[in-house]
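> One structure follows; several queries about it will come next.
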Amino acid sequence: MLATDSDVLDMTGYTVNDQQIRQAQGIVEVCAGRPESLVTNETDKHWLKYAVCWQSAYLDNSDVFAQANVEQVKQDKTTVTYGEKTYAVSPLVVEAVKQLSWNKSRSIMTGPNTVKANRMPDWWYW
């Protein structure tokens, strides 16, 4: 597991059990797009540990699977509009997942090598 119950207590101040940590880790792995076994970068493991701790505390202190994302309610004729966001994931988990190395933007150089771009071809020189 990425976090322990003492990690959650130290980071969030909430006491959780191993089952809640396993549930939180499953949710975090789905959000991150990688299971723990494929994460090798220590910085990524650190961010995932934060995410699991926050998600564990979030699961413990709210009934996240029973919440509905209601954006609009009309009293007459009972119209309810649901939003697109899911509240099963802590907002802090979303921010931690954004920091993972595979979620950051990368630039890819294409085209000729810049060192040789202004040179004549090798066959031109004797």
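The values are calculated or read from the model by the stated rules, or taken from the named source; none is laboratory data. Predicted model, so just to flag it, every value in this text is computed and none were measured. All Cβ positions, even for glycine, are placed from backbone atoms using ideal geometry, and neighbour counts span all protein chains on display. Accessible surface is based on the protein model in full, side chains and every heavy atom, while ligands, DNA and RNA are left aside. Shrake-Rupley method; radii C 1.70, N 1.55, O 1.52, S 1.80 Å.
> Leaving ligands, DNA and RNA out of it, rank Asp76, Asp7, Asp60, Asp44 by accessible area with a 1.4 Å probe, largest first.
Asp76, Asp60, Asp7, Asp44
> Put Lys45, Lys74 in order of accessible area, largest first, 1.4 Å probe: what do you get?
Numbers: Lys45 75, Lys74 105 Å².
Accessible-area ranking of Lys45, Lys74, largest first: Lys74, Lys45.
> Using a Förster distance of 25 angstrom, determine the FRET efficiency expected from the C-beta separation of Leu38 and Met11, and round it to 0.05. Let's see the in-between values first.
Working: r = 24 Å, r/R0 = 0.95.
Efficiency at R0 = 25 Å is approximately 0.60.
> Mind listing the long-range amide H neighbours of Thr4? Cut-off is under 5 Å, sequence gap 5 or more, other chains count too, H placed in the peptide plane at 1.01 Å from N.
Amide H neighbours of Thr4, under 5 Å, 5+ apart: none.
> Another question, then. Starting at the first residue of the stretch 38-48, write each ³J(HN,Hα) from the Karplus equation 6.51 cos²θ - 1.76 cosθ + 1.60 with θ = phi - 60°, in whole Hz, x for Gly and Pro.
Working through the residues one at a time gives 9, 8, 10, 6, 5, 5, 5, 4, 5, 5, 5 Hz.
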